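Asks: Please find one structure pasted underneath; my questions will follow.
The values are calculated or read from the model by the stated rules, or taken from the named source; none is laboratory data. Given the structure is predicted, the values throughout are model-derived calculations rather than measurements. Neighbour counts run over all protein chains shown; Cβ positions are idealised from the backbone, glycine included.
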Amino acid sequence: MPEALQTALARQAMRQAALIVAEQADLFAVQFTAGTLTDRGAADGLRLFAALLRETTMDTLPPMGSA
């Protein structure tokens, strides 16, 4: 497999992983807000973490094919 393709696939995989982690942080925040999990201020922190992941992922790892 050409190096450029390997790099593109790795970048896309890292982008997807970051978005999955952000989604999980959002889900935990919802559970804290709903009272399913004990909230000790974590919901706002998780939402901030999710937003930061999405923002930095979009800035540093553009989708494949968007050179």
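Asks: State which residue pairs qualify: first residue touching a residue at least 24 places away in the same chain (Cβ under 8 Å) and inside the range 14-41, second residue among the β-branched types (Val, Ile, Thr) in any location, beta carbons under 7 Å apart, and separation of 6 or more residues or different chains.
Replies: Hits for this filter: Arg15/Thr57; Ala18/Thr57; Leu19/Thr57.
Asks: Now, a different point. Within the range 1-31, can you find the residues that are touching a Ser or Thr at 6+ places or on another chain (Cβ under 8 Å) and surrounded by 17 or more Cβ atoms within 10 Å (Cβ to Cβ)?
Replies: Those that are touching a Ser or Thr at 6+ places or on another chain (Cβ under 8 Å) and surrounded by 17 or more Cβ atoms within 10 Å (Cβ to Cβ): Arg15, Ala18, Ala22.
Asks: Residues of the range 32-45 being surrounded by 11 or more Cβ atoms within 10 Å (Cβ to Cβ) and at pLDDT 80 or above, which ones?
Replies: Once the filter is applied, which keeps residues that are surrounded by 11 or more Cβ atoms within 10 Å (Cβ to Cβ) and at pLDDT 80 or above, the range 32-45 yields Phe32, Thr33, Asp44, Gly45.
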